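Q: My questions will all concern the structure given below.
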Amino acid sequence: MPWTVPLPQDTWGDRDTMSFLREVHTRIKAASFTWNPASVSAGATLDTTLTSASVPQLKGLRAGMAVQVTPPSSINSGLHVTGAWVPADNQLTVRLYNSTAGALDAGSAIWAFMGVLP
């Protein structure tokens, strides 16, 4: 006979489940947005800070939140997202790097992000 320990969730009532879901909802922020990043020179990096004033989907991001940015599938070959962070509430900074020998302009497309509070 295997030895098992019940999981805490096995004894949760509706109130406990709703509290857990509310906590998850307040700690995770994910959305997509349309963005046209500026042209990036050959071999250069470009940091761009977006705010909720220009991208309403960023409302709810909190300073220090761990964030991941997903570029569109149509992004230029050689243009890389090398970093993303939340410098202040409702803002997102994205760092793009151009590894090619010529300037690259990604053009307007749909980007996505997900931020998680610790």
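Laboratory data are not the source of any read-out in this text; all were calculated from the coordinates shown. Please read all numbers here as calculations on a predicted model, not as lab measurements. Positions of Cβ are generated from backbone atoms using ideal geometry, with glycine treated the same way; all protein chains shown enter the neighbour counts.
Q: Residue by residue through segment 32-45, what is 3J(HN,Hα) from phi via Karplus (6.51 cos²θ - 1.76 cosθ + 1.60, θ = phi - 60°)? Round to whole Hz and write x for glycine and proline.
A: Karplus-based 3J(HN,Hα) across segment 32-45 equals 10, 8, 8, 9, 10, x, 5, 5, 10, 5, 4, x, 10, 10 Hz.
Q: Net charge near Asn90, counting Lys/Arg +1 and Asp/Glu -1 over other residues with Cβ under 15 Å of its Cβ?
A: Surrounding charge for Asn90 is +2.
Q: Read phi for every residue in segment 98-104 and hand back ³J(HN,Hα) as whole Hz from Karplus 6.51 cos²θ - 1.76 cosθ + 1.60, θ = phi - 60°, with x for Gly and Pro.
A: 9, 8, 9, 8, x, 5, 10
Q: For helix 14-27, report the angle its Cα long axis makes with the longest principal axis of the Cα atoms of the chain; keep it between 0 and 90° and round to the nearest 10°.
A: That works out to roughly 20 degrees.
Q: Related question: Determine the relative contact order of the chain: mean sequence separation of Cα pairs under 8 Å and six or more apart, normalised by residue count, in whole percent.
A: 36 percent
Q: Charges on Cβ only, +1 for Lys and Arg, -1 for Asp and Glu, centred on the Cα centroid of the chain; of Ser32, Pro118, Thr51, which one is farthest towards the dipole's positive end?
A: The one lying farthest along the dipole's positive direction is Thr51.
Q: For Ala30, list long-range residues whose amide hydrogen, built 1.01 Å from N in the peptide plane, is under 5 Å from its own amide hydrogen.
A: The answer is Gly115.
Q: Quickly work out the Lys59-to-Val5 label distance, labels modelled 7 Å from Cα along the C-beta direction, and quote it in nm with one decimal.
A: The modelled label-to-label distance comes out at 4.4 nm.
Q: Please get the size of the charge dipole for the chain, origin at its Cα centre, with Cβ charges of +1 on Lys and Arg and -1 on Asp and Glu, quoted in debye to the nearest 20.
A: About 140 debye.
Q: What is the sum of charges around Leu46, taking Lys and Arg as +1, Asp and Glu as -1, for the other residues whose C-beta is under 13 Å from the C-beta of Leu46?
A: -1
Q: Something else about it: Quote to one decimal, in nm, the extra length available between Val24 and Thr45 on full extension: 0.36 nm per residue of separation minus the C-alpha distance between them.
A: Once the chain is fully extended between Val24 and Thr45, it gains 4.1 nm.
Q: Stokes-Einstein D for the chain at 4 °C, 1.567 mPa s, Kirkwood Rh over Cα pairs, in µm²/s?
A: For these conditions, the coefficient is 79 µm²/s.
Q: Follow-up. Taking the Cα of Asn36, stepping 7 Å toward and past its beta carbon, and measuring to each backbone N in segment 78-118: which are under 18 Å?
A: 104-112
Q: Another question about this same structure. For Thr93 and Trp12, calculate 0.36 nm times their separation in residues minus their Cα-Cα distance, and state this gained length in nm to one decimal.
A: 25.2 nm
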